[in-house]
Every structure is written in structure tokens, then in C-alpha cells.
Amino acid sequence: MTGNLYVVAAPSGAGKTTLVRLLLEREPCVQLSISFTTRAPRPGEQNGREYHFVAVDAFRAMISRDEFLEWAEVHGNFYGTSKKWIGDQLTAGRDVLLEIDWQGAQQVRKLFPEAIGIFVLPPSIDELTRRLVGRGTDAPDVIERRLAAAEAEMRHVGEFDYVIINDQLDQALDDLRAVVRSASLNLGKQRRNHPALFAKLL
Ligand code: ADP
Ligand code: 5GP
């Protein structure tokens, strides 16, 4: 693989989507993978932008055709990452970011041990609750289910390389950019990006 593969996970409501959107504005070299999901679109979400929204039958057909790099059931819906799209991007040397849950992250780590795992934590459970309620996009029973799952999800933090604590958004964004910037300065990456310079050195 030539591009960097970033895997960002977090409990629902930690601010992962907000942080990733801001990161992509500032680091346009990073491509976001658009997942497939059977979840219904939230108000304002567009098919092909936040997700490819598909019916359960279509999702199952994709599983049987082995079209997913990883897939998982999260909060009662299916989510999956397109195998072909990721392969094409990485082979072309583009950096790719996956915004997926810990189950998907485990599958990706097995396939790409060099993937860079980043976990976003909220500063506290109380603040996580405030953000989920404040976002106003989920029904109360959905929020309750997501909060119940949050602590179990956060126990997977130990499986990731970097941890971003999203307390102050600006600081968290700086931290996330620092991880991406440093990965792009890795020796192998610099060598590939500056072949003429390195030809004389290594
Ligand atoms: P996730 O993608 O992790 O489920 P979102 O990005 O949708 O989370 O964020 C959940 C809510 O919290 C949104 O309303 C968002 O505007 C808000 N939020 C995100 N980061 C912060 C922050 N650092 N401080 C306060 N509110 C935040
Ligand atoms: P939401 O419904 O809030 O957009 O996402 C719910 C959870 O599903 C989040 O933890 C999100 O990261 C995860 N998710 C989104 N896309 C994928 C995917 O393609 N694969 C996996 N495994 N999880 C995903």
C-alpha cells in the first residue's frame, strides 16, 4: 500500500464527524471513505455524501459478493466499507480515512497492520450525553442505546495508536492534524514523494 490509511473511531457523539470534516478542509490530500449503511438518512444527510444509503437486501448482496473491506452491525444497522474504492485510492498513493467503529477497525488492522488507528474520546460521559442530546438528530430511545454502548466502545481505546480527547474543538483538531501531518512525514512516505532527492541519499 502506498497511501496512508487512517482509521478513526469513537463512541457516537464524541465529535468524530465534526473533527473529520474540519480535518478534511485543512488537509485536502486525505480522502474520506463513504461507507454503505442500512440506517435511515438523518435530516440534512445526502445519499453519496455522508453515506451510501442502501436497503438491507442490497447490503446482504454486497456481503455475499465480498464487496466489503470490513462490515459490522452497529446500533442495529449495518455499515460497511467498499473494498474496491479503498484499494484503488491506496494503490494510487492517496491517503484514505475511514470513520468506522471498533469492530471494523479490528478487521482493517488485520488486513493492513500499518493502518494508523486514532480513537476520539469525549472529555466525560456527561459531556457525551449533552452532545448526543444537543445534536438533536436521534430519537430518545436511540440516544439511550448509543449511550449504553459508549462505555463498552471506549474500552477498545487500547487497540488504537493515537488518542484525541475532544474537549475544546480547536485543540482536538490541532491534535488530529498533528497525527496526520507526522504520518505524512514518515521516511518511507517522504522517500516515495521525493524520489530524486532520495536517489542520491539512500
Ligand atoms: P459523532 O460523529 O462522533 O457521533 P458529532 O460530530 O455528530 O459526533 O458531534 C456530536 C455533537 O457534539 C454535535 O452536535 C457537534 O456539533 C458537537 N460537538 C462536537 N465536538 C464538540 C466540542 N469539542 N465541544 C462541544 N460540542 C462538540
Ligand atoms: P452513525 O449512524 O452515527 O453515522 O454511525 C454509527 C457508528 O457506525 C459510528 O461509530 C461510525 O463510525 C460507524 N460506522 C460508520 N461507517 C462504518 C463502516 O463502514 N464500518 C463500520 N464498521 N462502522 C461504521
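Laboratory data are not the source of any read-out in this text; all were calculated from the coordinates shown. The structure presented is a predicted model; accordingly, all values stated were derived computationally and were not measured. Don't worry about glycine lacking a Cβ; one is built from the backbone with ideal geometry, like all the others, and counts go over all protein chains shown.
Here are the numbers:
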item	result
Cα-centred dipole magnitude for region 66-159, charges only on beta-carbon of K, R (+1) and D, E (-1), debye, nearest 20	120 debye
Given charges at beta-carbon only (K, R positive; D, E negative), |dipole| of region 5-201 in Debye	740 debye
Selection from Leu147, Thr137, Val108 lying farthest towards where the dipole of region 100-156 points positive, charges on Cβ	Val108
Surrounding net charge for Pro28, when Lys and Arg each add one and Asp and Glu each subtract one, Cβ distance under 14 Å	+2
Whole-angstrom gap from region 16-30 to region 90-141, using each part's C-alpha centre	13 Å
Net +/- balance of residues flanking Val108 in space, Cβ distance below 14 Å, scoring K and R +1, D and E -1	-3
Dipole of region 21-108 [Lys/Arg +1, Asp/Glu -1 at C-beta], most positive-end residue of Asn47, Ser35, Trp85	Asn47
Most to least packed among 46-52, 103-109 [average Cβ atoms within 10 Å]	103-109, 46-52
The chain shape via C-alpha gyration tensor axes, a/c threshold 1.5	oblate
Highest-first arrangement of 10-16, 165-171, where packing means the average Cβ count within 10 Å	10-16, 165-171
Gain upon complete extension [Asp126, Val157; 0.36 nm per residue less C-alpha separation]	9.3 nm
All lysines inside 30 Å of Lys200 as judged from Cα atoms, apart from same-chain residues fewer than 8 positions distant	Lys189
